[in-house]
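This report concerns only the one structure given below.
The values are calculated or read from the model by the stated rules, or taken from the named source; none is laboratory data. Predicted model only: the values in this text are computed from it and were never measured. Neighbour counts run over all protein chains shown; Cβ positions are idealised from the backbone, glycine included.
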Amino acid sequence: MASLEPKASAPAPTGRRRSKKMSTRIDMTPMVDLAFLLLTFFMLTTTFAKPYVMQLTMPVPDEKHPVDLAASKAMTVILGKNHRVHYYFGLNQPADKTVAAARLETTDFGAQGIRQVLLARQRRGPVVVLIKPGADSQYKDMVDILDEMSITNQRQYALTKLSPSDLILLTSNAL
């Protein structure tokens with residue numbers, strides 16, 4: 001509340017009497033109360049950061065009935081270091097001499113990278129993508145490849161471990 005309190009004035013040294021000056025005193029309590037009410041209101045009604053989540057449905061593993069995958073319908077994507085993506089078509093089966101050896105290609109996560117490869121492969125028919133994160137890959141790479149699966153409407157993909165034959169293929173490609 002604002003209040004005016006009269007203050008007695010002393011006579012001026014020249015002998016003239018000065019007019020009475022009223023001092024003002026402003027009570028800040030209501031303004032502070034209002035500030036805290038507004039602060040509390042906005043803190044309780046504000047949404048701070050919405051989490052970014054991706055819906056991922058994983059099937060229950062069935063060990064009694066393993067899924068056989070034809071090499072003609074398979075594409076393997078290996079996540080490497082420095083945000084690189086290595087891929088090959090088919091299955092890497094070096095023990096099977098009837099199947100040609102896999103040829104490893106390398107690309108990135110750009111719009112002209114793995115996305116175009118997935119779209120081109122889908123145009124030829126249905127494909128199952130096997131995603132294998134490497135030891136040098138980062139978590140962001142996994143999120144990026146799952147985003148690419150969503151962007152390209154890839155319906156069938158699986159997260160699997162990197163096999164020893166894939167490691168041999170990676171090391172031979174690096175040389």
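Against the conditions (1) without any contact (Cβ under 8 Å) to a residue 24 or more places away in the chain; (2) in a strand (DSSP E or B), Gln112 satisfies every one except (2). Looking only at region 123-171, which residues are hydroxyl-bearing (Ser, Thr, Tyr) and in a helix (DSSP H, G or I)? Passing the criteria: Tyr139, Ser150, Ser165, Thr171. Number of residues in region 73-90 that are in contact with a Gly (Cβ under 9 Å, 6 or more places away or on another chain) and of a type in the set (S, T, N, Q): the value is 1. For beta carbons closer than 7 Å, sequence separation of 6+ or different chains, a first residue in region 115-139 that is in contact (Cβ under 8 Å) with a residue 40 or more places away in the chain and within 16 Å of Arg155 (Cβ to Cβ) and a second that is hydroxyl-bearing (Ser, Thr, Tyr) and assigned to a strand (DSSP E or B), the qualifying pairs are Val128/Tyr157; Val129/Tyr157; Leu130/Thr76; Ile131/Tyr157. Candidates are the residues of region 147-169 that are of a type in the set (A, V, I, L, M) and more than 15 Å from Met75 (Cβ to Cβ); the one that is surrounded by the most Cβ atoms within 10 Å (Cβ to Cβ) is Leu162.
Yes or no: region 43-61 includes at least one residue that is part of a loop (DSSP other than H, G, I, E, B), surrounded by 10 or more Cβ atoms within 10 Å (Cβ to Cβ) and at pLDDT below 75. Before you say what the answer is, go through the steps one by one.
Restricting attention to region 43-61, the residues satisfying the condition of being part of a loop (DSSP other than H, G, I, E, B) are 46-61.
Right, trim to surrounded by 10 or more Cβ atoms within 10 Å (Cβ to Cβ) and you get none.
For region 43-61, residues part of a loop (DSSP other than H, G, I, E, B), surrounded by 10 or more Cβ atoms within 10 Å (Cβ to Cβ) and at pLDDT below 75: absent.
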